[in-house]
Structures are given as structure tokens and as C-alpha cells.
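Have a look at the structure below, then the notes.
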Amino acid sequence: MPGPLSHIRVLDLSRVLAGPWATQTFADMGAEVIKIERPKTGDDTRGWGPYFLHDPEGNCTGESAYFLAANRGKKSVAVDIASEEGRRLVVELAKNCDVLVENYKVGGLKKYGLDYESLKSVNPGLIYCSITGFGQDGPYANRAGYDFMIQAMGGLMSVTGEADDKPGGGPQKAGVALSDVMTGLYSAIAVLGALVHRERTGEGQYIDMSLLDVQVATLANQATSYLVSRERPKRYGNAHMSIVPYQAFATKDGHMILAVGNDAQFARFCDVAGCPHIAKDERYSTNLKRLDHREELVPILAEIIERRTTDDWISTLEAVGVPCGPINTIDQVFENPQVKARQLELDLPHVDGGTAPGVRNPIRYSKTPVSCDTAPPALGQHTQEVLKSVLGLSDEEITSLEASGTVEQKRAKGG
């Protein structure tokens with residue numbers, strides 16, 4: 001079965017992570033995604049090491065692991081949009097696309113005639129998604145926005161990390177660029193909604209996505225806790241602001257997560273831990289009371305948990321339905337039997353020979369399966385293919401464009 005977006009063509013003018021994450025989602029769903037890149041250099045992240053893909057002979061391909069993470073299933077067309085011929089090529093491609101995604105600075109594409117107002121006049125049904133740091137209006141609209149900045153400005157770092165008075169205390173960023181990734185996902189959702197609207201009305205539309213907007217929105221319960229109480233949320237490290245015990249604990253040979261979600265689970269934990277009297281203690285019998293007595297209860301539990309190994313705790317607690325788990329390193333993640341069973345690790349044939357690793361899209365449709373079988377493209381790998389199949393250009397015309405520096409195409413090995 002073809003993917004749910006197999007009838008959709010996307011023009012991707014985005015770079016780095018948020019935009020490419022959205023368009024990779026479309027590619028996984030079967031859309032034809034045409035990624036427009038600068039000749040010679042391409043997407044900024046192609047050079048973001050360390051860690052680059054090597055061919056079977058051990059030669060560096062120049063494709064970074066960062067780039068591979070967000071560009072699976074796309075077609076790369078290297079075009080100089082600053083040239084008049086290149087600009088016209090992109091306009092013609094936009095005429096033949098359903099969706100355009102870009103993450104230039106506010107107004108950055110207007111000088112090329114590639115802004116929404118210019119393109120909707122030639123393609124009224126176009127869905128045009130702009131991703132910026134701060135949105136198209138407001139006092140910060142013209143500022144550049146990067147994930148690290150947005151995690152800080154949007155409040156995520158204020159609730160991540162240990163409290164200031166604890167060892168290693170202080171605000172921390174997440175280890176993954178979550179503001180970018182979440183903006184990519186929200187952008188994909190926004191485009192899917194716009195496609196449904198277009199199917200009903202025939203109308204395209206403009207979508208204004210902001211990293212800061214997304215970061216604030218995804219503060220979730222932390223945001224509403226503040227709005228309800230007007231009290232500034234604290235950092236709890238690996239603990240939970242609303243549930244006790246729900247945190248990391250040291251074991252005899254490492255660490256584990258104990259995630260007790262209700263009072264019945266706490267009672268079962270105490271039985272397994274050999275301390276049923278703690279669950280019966282009036283101070284700890286309910287979660288609200290455990291919250292009030294967090295500072296005295298947690299050290300007691302920590303001393304008990306440290307007596308046994310991680311595997312011992314996990315097997316024993318899982319048997320009685322108490323949520324828990326190890327703190328896996330990423331190598332352990334990909335060795336995990338559940339991860340293997342779900343076939344999350346990919347190994348895709350790459351144009352430079354050998355294969356490119358990746359991680360499978362987590363969406364599991366029963367009727368329209370996502371496709372994760374095409375590696376991220378080399379720079380200009382599909383220039384000739386797209387210009388011929390979408391715009392109908394001849395080999396001679398493409399050769400002339402390449403000679404002028406307007407386009408660039410990847411040459412096969414030995415070619």
C-alpha cells in the first residue's frame with residue numbers, strides 16, 4: 001500500500017533540524033519531498049560533525065550523522081536561488097508542489113519572489129509553512145532563534161536539572177534539541193490540517209510556526225501549574241514535582257528509575273522491598289502526604305534500594321506491576337530486545353556505496369504504512385531527475401544550467 005501522502009509533493013527550503021524534521025515526516029508518509037540546497041555546501045548540517053558516514057572503502061562521504069538524522073527519503077536538488085535562473089527554477093517547482101516548508105529569517109525569501117504572497121499568485125492551492133525562532137510578528141520577530149536559546153528563553157531549562165542547592169545544581173538543557181524536534185512535529189501537524197482544509201475548499205494557506213511558541217506550549221503541566229498557582233516551578237532533577245517516589249535511585253550496581261503512579265503501586269513496592277510498614281505509615285499512605293514528606297521519605301527509600309542490583313529490582317517489581325526501568329545508554333537502547341523487536345534501527349543503501357544508519361519513524365499505520373527505505377540524499381543527487389520529471393527540462397538545458405553554476409548534480413562513482 002502507498003503511504004497516506006503518496007499523492008503529495010513537498011518543496012523543502014529548510015535547513016538544520018526543525019524544518020527538515022517536518023519534511024522527513026512527510027517523506028516517511030510517502031510524499032515526494034524535493035529538498036532545495038545551496039550548490040557546493042548544501043544544508044548546514046552536512047558538515048556538522050563529529051561523526052561522518054564512510055563508504056565501504058573507509059573513505060569519508062562528507063555526510064554527517066546530524067544530516068542523516070533528519071533527511072531520509074528526500075530528493076536533493078542543488079540550486080543557486082540567488083541567481084535569476086535558479087530563482088525561476090524554484091518558482092516553477094513551487095507551481096508544481098502542494099506544500100512548501102522554509103525556515104529563512106522573516107522576509108528572507110521576499111527578495112527572491114519566493115515568499116507566500118508571490119507564490120500563491122501562481123499556485124493558489126499552495127500550503128506554505130514558515131518556521132522561525134520567534135514568529136512573523138512581535139518585538140523579537142527579526143531575531144535569529146536557535147534551539148539552545150529557545151530552551152532557555154522558553155522556560156524548559158528552568159525546570160530541567162538539579163536544584164541550585166544540590167550537587168551539580170543549576171539549569172540544564174535537554175540532551176536532544178527538543179525545541180527544534182517539537183517544532184518540526186507541530187509543523188507537520190499544521191500542514192496535515194491545512195491539507196484537509198484544502199481538500200474541502202481548494203484553498204491553500206500560510207502557516208506561521210515559531211520555536212518559542214512551541215517551546216512555551218510544550219511546557220505542558222509545568223506551564224499550567226504556574227498559571228493556576230502563580231508560583232514559579234522548581235527544578236527537581238530526576239524527581240517529579242507531583243508524584244513521590246518517581247525518580248532515579250542508585251542501586252547496588254548502577255541506577256534505576258522507580259515510577260510509582262498511585263498508592264496501590266506504592267504499597268506493592270513496599271511489600272517487595274520488605275518494608276510494608278512504610279506504606280501503612282500515616283505520613284506516606286497517600287501521594288499527597290508523600291509529597292509533604294518527600295525530604296524524609298526519599299532518603300529512606302534510597303537506602304533500601306541501594307541494597308539490591310538493578311536487574312533484581314526490575315524483575316521483582318515488574319512481576320507485581322510496579323513501573324520501573326534501567327537508565328540505558330544509547331548503545332544499550334539499540335541492544336534492547338523491545339527496540340530490536342520493533343525494528344527501530346535502519347540500515348539504508350546509500351548512493352556512495354555501503355549503507356546509512358537511521359531510526360525508523362515511530363508511526364505504525366495498519367493500512368498505509370510509512371516508508372523508511374530510502375537513505376538521505378547526497379548533495380544534488382536528484383537535480384537532473386527532478387528538473388526532467390517535474391519541469392520537463394532536457395539534458396541539454398540541465399547541462400547548460402550546470403555549466404553556469406545555477407545547479408549542481410551529484411555524479412555517480414566513476415562518473
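Every listed requirement among (1) closer than 13 Å to LEU156 by Cβ; (2) polar (S, T, N, Q); (3) touching a Phe, Trp or Tyr at 6+ places or on another chain (Cβ under 7 Å) is met by SER210 save one, (1). In this structure, is PRO2 surrounded by fewer than 19 Cβ atoms within 10 Å (Cβ to Cβ) and in contact (Cβ under 8 Å) with a residue 60 or more places away in the chain? Here the answer is yes, as PRO2 does meet what is asked. The number of residues in the range 273-293 that are in contact with a Phe, Trp or Tyr (Cβ under 9 Å, 6 or more places away or on another chain) and assigned to a helix (DSSP H, G or I) comes to 4. Would you confirm whether any residue within the range 275-285 is buried (at least 16 other Cβ atoms within 10 Å of the Cβ), at pLDDT 95 or above and in contact with a strand residue (DSSP E or B) (Cβ under 6 Å, 6 or more places away or on another chain)? No. Selection within the range 354-373: residues that are at pLDDT 90 or above and of a type in the set (S, T, N, Q). The member of this set that is most open to solvent (accessible area, probe 1.4 Å) is SER366.
Taking only pairs six or more apart or across chains, which ones have beta-carbon atoms under 6 Å, a first residue in the range 274-285 that is among the aromatic types (Phe, Trp, Tyr), and a second residue that is open to solvent by less than 100 Å² (accessible area, probe 1.4 Å) and modelled with pLDDT under 95? Filtered contacts from the range 274-285: no entries. Just to be sure before I move on: is PRO362 under 16 Å from ALA69 (Cα atoms) and within 21 Å of the chain's Cα centre (by Cα) in the structure I sent? Taking the combined requirement at face value, the residue satisfies it.
Of the numbered criteria (1) open to solvent by 20 Å² or more (accessible area, probe 1.4 Å); (2) farther than 24 Å from SER158 by Cα, the one MET256 fails is (1). Under the condition of being part of a helix (DSSP H, G or I) and of a type in the set (Asp, Glu), the residues counted in the range 310-352 number 5. Here is the figure for the range 358-415: residues that are closer than 30 Å to VAL333 by Cα and not basic (Lys, Arg) total 18. If you go through the range 374-415 and pick out every residue that is touching a residue at least 40 places away in the same chain (Cβ under 8 Å) and either assigned to a loop (DSSP other than H, G, I, E, B) or open to solvent by 40 Å² or more (accessible area, probe 1.4 Å) (or both), you end up with 20. Scanning the range 164-181 for residues that are of a type outside the set (Ser, Thr, Tyr), open to solvent by 50 Å² or more (accessible area, probe 1.4 Å) and part of a helix (DSSP H, G or I) turns up at least one hit.
You will find that of SER225, SER229, SER210, the residue that is open to solvent by less than 30 Å² (accessible area, probe 1.4 Å) and out of contact with any His (no Cβ under 7 Å at 6 or more places or on another chain) is SER210 and no other. If you filter the range 89-133 down to residues that are among the aromatic types (Phe, Trp, Tyr) and open to solvent by 20 Å² or more (accessible area, probe 1.4 Å), you find that the one that is farthest from LEU192 (Cα to Cα) is TYR112. Condition check for MET149 on (1) touching a Gly at 6+ places or on another chain (Cβ under 8 Å); (2) open to solvent by 30 Å² or more (accessible area, probe 1.4 Å); (3) assigned to a loop (DSSP other than H, G, I, E, B); (4) farther than 15 Å from GLY19 by Cβ: one failure, at (3).
Condition check ((1) modelled with pLDDT under 95; (2) out of contact with any strand residue (DSSP E or B) (no Cβ under 6 Å at 6 or more places or on another chain); (3) under 23 Å from LEU291 (Cβ atoms)) across all residues:
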site	(1), (2), (3)
ALA152	no, yes, no
LEU178	no, yes, no
MET182	no, yes, no
LEU212	no, yes, no
ALA220	no, yes, yes
ALA223	no, yes, yes
LEU227	no, yes, yes
TYR236	yes, yes, yes
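If you check GLY49, GLY73, GLY58 for being over 19 Å from ALA18 (Cα atoms) and either among the small types (Gly, Ala, Ser) or modelled with pLDDT of 95 or more (or both), only one passes: GLY58.
Each row is one residue, and each column tells you yes or no for (1) without any contact (Cβ under 8 Å) to a residue 12 or more places away in the chain; (2) on the phi > 0 side of the Ramachandran plot; (3) over 21 Å from the mean Cα position of the chain (by Cα).
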position: TYR112; (1), (2), (3): no, no, yes
position: GLU117; (1), (2), (3): yes, no, yes
position: LYS120; (1), (2), (3): no, no, yes
position: ARG143; (1), (2), (3): yes, no, yes
position: ALA152; (1), (2), (3): no, no, no
position: VAL159; (1), (2), (3): no, no, no
position: ALA163; (1), (2), (3): no, no, yes
position: GLY168; (1), (2), (3): yes, yes, yes
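The values are calculated or read from the model by the stated rules, or taken from the named source; none is laboratory data. Worth saying up front: this structure is predicted, and the values here are computed from it rather than measured. Glycine gets a Cβ as well: all are built from the backbone with ideal geometry, and neighbour counts include every protein chain shown. All accessible areas refer to the heavy atoms of the entire protein, side chains included, with ligands and DNA or RNA removed. Shrake-Rupley method; radii C 1.70, N 1.55, O 1.52, S 1.80 Å.
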